[in-house]
Amino acid sequence: MSDTPRETPAYDPQNIFAKIMRGEIPAFKVYEDDRVFAFLDIMPRAPGHTLVIPKAPARNILDIAPDDLAAVALVAQKVAKAGIAAFGADGVTLMQFSEPASGQEVYHLHIHVIPRVDGVPLKPAASVKEDMAVLAEHAERLKAALTA
Ligand code: AMP
């Protein structure tokens, strides 16, 4: 094992989440402010599974600017509380993957916020694409809880 730190690869502005933010690909947006954007995961591991991302280009935890990370974390907390209220959840799981070794698949930083119900296991990652009508209804529920 080398002691030399590896360089994080460059941010690619053509990643799918950058396209979602630019409106080039549709998504179920639940929250937006000047620094942060949040939308439903299309293959939710539980109802209400949301991805919170910075508007600034950042590949993952290794290259994001501290202020952007702080803004994303604050919104992740808001979404976590709203998810519990909107989905009658008992808890919430937050996950963030950085680089392929971790399981990261989309290279724009995102925090997964997943409402959890006692005794209900997570579905496997990226397994089943949810019905669009279900996602639309879940987005409305979450947006209502976020503005309550
Ligand atoms: P990660 O392994 O953390 O990079 O996870 C990427 C996540 O993005 C997975 O949970 C996917 O289900 C989700 N995903 C991929 N494409 C889309 C999309 N077009 N809209 C919403 N979520 C997506």
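The values are calculated or read from the model by the stated rules, or taken from the named source; none is laboratory data. Quick caveat, the model's predicted, so the values are computed rather than measured. Heads up, the Cβs are rebuilt from the backbone with ideal geometry, glycines too, and the neighbour counts pull from every protein chain shown.
Laid out as a table, the results:
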item	result
Per-region count, the stretch 83-98, residues without any contact (Cβ under 8 Å) to a residue 60 or more places away in the chain and in contact with a Gly (Cβ under 7 Å, 6 or more places away or on another chain)	5
Test: residue in the stretch 38-56 that is of a type in the set (Phe, Trp, Tyr), within 13 Å of the ligand (Cβ to nearest atom), outside any loop (DSSP other than H, G, I, E, B) and within 23 Å of Thr147 (Cβ to Cβ)	yes
Single residue of Val120, Val72 found to be assigned to a loop (DSSP other than H, G, I, E, B), modelled with pLDDT of 95 or more and more than 10 Å from the ligand (Cβ to nearest atom)	Val120
Filtered residues of the stretch 30-51 (kept if surrounded by fewer than 17 Cβ atoms within 10 Å (Cβ to Cβ) and under 15 Å from Lys143 (Cβ atoms))	Glu32, Asp33
Residues satisfying the stated conditions in the stretch 99-109, i.e. free of Cβ contacts under 8 Å to residues at least 60 places away in the same chain, more than 13 Å from the chain's Cα centre (by Cα) and not in a helix (DSSP H, G or I)	Gly103
Selection status of Glu24, under 13 Å from the mean Cα position of the chain (by Cα) and loosely packed, with under 14 Cβ neighbours inside 10 Å	no
Selection from the stretch 55-102 of residues that are under 18 Å from Glu7 (Cβ atoms) and among the basic types (Lys, Arg)	Arg59
Matching residues in the stretch 124-134 - criterion: being at pLDDT 95 or above and closer than 11 Å to Arg45 by Cα	Lys129, Glu130
Restricting the stretch 84-108 to residues that are touching a helix residue (DSSP H, G or I) at 6+ places or on another chain (Cβ under 7 Å) and within 26 Å of Pro57 (Cα to Cα), the residue that is surrounded by the fewest Cβ atoms within 10 Å (Cβ to Cβ)	Leu94
Some residue of the stretch 38-47 being under 16 Å from Asp68 (Cα atoms) and of a type in the set (Gly, Ala, Ser)	yes
Residue among Ala46, Ala71, Ala58, Ala80 that alone is touching a helix residue (DSSP H, G or I) at 6+ places or on another chain (Cβ under 7 Å) and touching a residue at least 12 places away in the same chain (Cβ under 8 Å)	Ala58
Selection within the stretch 3-37 - assigned to a loop (DSSP other than H, G, I, E, B), of a type in the set (D, E, K, R) and within 12 Å of the ligand (Cβ to nearest atom)	Glu24
